[in-house]
Number of protein chains: 2
Amino acid sequence: MAEQHELREKGLRLTPQRELVLAAVRELDHATPEEVAERVRLTHPGINLSTVYRNLETLENVGLVQHSHLGHGGATYHAAEVLTHLHLVCGACGAVGGAPIEVAANFVNTLADDYGFKTDVTHFAVYGTCATCAQAEL
Amino acid sequence: MAEQHELREKGLRLTPQRELVLAAVRELDHATPEEVAERVRLTHPGINLSTVYRNLETLENVGLVQHSHLGHGGATYHAAEVLTHLHLVCGACGAVGGAPIEVAANFVNTLADDYGFKTDVTHFAVYGTCATCAQAEL
DNA sequence: GTAGCAAGTGCAAATCTTTCGCAATTAGCA
DNA sequence: TGCTAATTGCGAAAGATTTGCACTTGCTAC
C-alpha cells in the first residue's frame, strides 16, 4: 500500500474507487480509461466513468500511473513501475510490440547532446511496420 | 498537377474542394483538419468540415498527404513530400521542435536489424522536455 | 457536345470521448 | 464522534469525427 503515502502527502484520499482504478491499471497494461472502467466494474459495478477519468489524472499527478499514446486518439494508462520498454506500433496490423529502452539510448543521448531535449521514449509509441507485415508487403 | 494522376488511377475525382484541401495542407504544415478547413474557407467559404475530413482521408489513401500525432488527441496533416524531419514535442510547454531524420538513423537501423521493425519516425512525435523547460526545472 | 453513372458534397444528426457543475457522500484528522 | 474538504455520481456540455441521405457534378462513352 505504498500509494497511501504518495496520496496523503498531497492532501489526497485513498478511496475505494481510487484503489480499484489503480489496481485495474496495474493488472491491465496499456489500458484505455474505458477499459479500466470496465475492469473495475467487474467488482464494483456502480463506479462512474468520470470517476475513472478523474482518478487516472490524480494518480498520474501523484506519479503512480502514466499514460502513453499508442494509437490515434486515446491515451492508454499503465502503472508507473512498468515503463521499462518502448512501444512499437504497427500501422498495418495494429500490433503493439515492445523493445527495451536501451535500444533508444543512443538516440536519446544524441537528442540530449545536440538539442538539449530530454526524451521520454515511452510516452509516444514508435510507429512503423512490424516484421510480419513488412514481410507480407513483398 | 501530379495529383490528378494519383487520383484517377483509383477511380477518384479531382474536385475543386479536393484540390483546395490538398493545397491547404501543402501551405500549412502540421495542420489539424479544423485548420485546413479554416484555410480553405478563405477562398471557398462554403466548404464543409465533413468534406475536409473525407478528403484528408482520401488524399492519405492515395499517398498525397500523411498525418502524424503531435499531441493528445488530434492528428495533424502534412504533404507527403515534406516529411523530412521528426518532431520533438515538449510536454511542459507544448512547443514542437524539429530535428533532421538522420539523428534517428541509428535507432531506426537497430530496430530494423534486431526486431524487423520498419520505423516511420515522423508519424509519432518524440516526447520529452525541451531545453528551455529542462533548464527551468533546475 | 451531351447523357449517364458513380463519386463527391453539404447538411444535419449521431457517435464517441472527455470534461464540468453541483449536490450528496465520505475519508481522515482532531 | 464530528468537521471539513476531498471525492463521487449523475447529468449535461463540449469537442472531434463519422455517417446517412438527397442533391450535385466530374469523367467517360457515345
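The values are calculated or read from the model by the stated rules, or taken from the named source; none is laboratory data. Note that the structure is a prediction, hence the values are computed from the model and not measured. Note that each Cβ is placed from the backbone with ideal geometry, even for glycine, and that neighbours are counted across all protein chains shown.
So is B:E38 over 22 Å from B:T122 (Cβ atoms) and of a type in the set (D, E, K, R) or not?
Taking the combined requirement at face value, the residue satisfies it.
Regarding B:G71, is this residue within 13 Å of DNA strand C (Cβ to nearest atom), touching a residue at least 12 places away in the same chain (Cβ under 8 Å) and within 14 Å of another protein chain (Cβ to nearest Cβ)?
Judged against the criteria, B:G71 is a match.
Checking the condition closer than 27 Å to B:A75 by Cβ and within 14 Å of DNA strand D (Cβ to nearest atom), which residue from A:E57, A:E6, A:E19 passes?
A:E57
Out of the residues in segment B:101-110 that are facing chain A (nearest Cβ under 8 Å) and touching a Leu at 6+ places or on another chain (Cβ under 7 Å), which is surrounded by the fewest Cβ atoms within 10 Å (Cβ to Cβ)?
B:V103
Looking only at segment A:3-41, how many residues end up being under 13 Å from the mean Cα position of the chain (by Cα) and buried (at least 16 other Cβ atoms within 10 Å of the Cβ)?
11
Inside segment B:43-54, can you point out the residues that are within 9 Å of DNA strand D (Cβ to nearest atom) and more than 14 Å from chain A (Cβ to nearest Cβ)?
Answer for segment B:43-54, where residues must be within 9 Å of DNA strand D (Cβ to nearest atom) and more than 14 Å from chain A (Cβ to nearest Cβ): B:N48, B:L49, B:S50, B:T51, B:V52, B:R54.
Mind listing just one residue for me: the one in segment B:117-134 that is within 22 Å of A:T129 (Cβ to Cβ) and either hydroxyl-bearing (S, T, Y) or surrounded by fewer than 16 Cβ atoms within 10 Å (Cβ to Cβ) (or both) and, of those, farthest from the other protein chains (Cβ to nearest Cβ)?
B:T122
Among the strands (runs of 3 or more DSSP E) lying completely within segment B:85-131, list those that include at least 3 residues that are out of contact with any helix residue (DSSP H, G or I) (no Cβ under 8 Å at 6 or more places or on another chain) and not acidic (D, E).
So the answer is B:96-100.
Which residue out of A:A37, A:A24 is away from DNA strand D (no atom under 12 Å from the Cβ) and hydrophobic (A, V, I, L, M, F, W, C)?
A:A24
Does at least one position in segment A:106-118 carry a residue that is in contact with a Gly (Cβ under 9 Å, 6 or more places away or on another chain) and under 25 Å from A:E6 (Cβ atoms)?
Yes, segment A:106-118 has at least one match.
Of the residues B:R18, B:R41, B:R26, which single one is outside the structural domain of B:F124 (by TED's automatic domain parsing), near DNA strand C (Cβ under 9 Å from one of its atoms) and part of a helix (DSSP H, G or I)?
Only one candidate passes the filter, namely B:R18.
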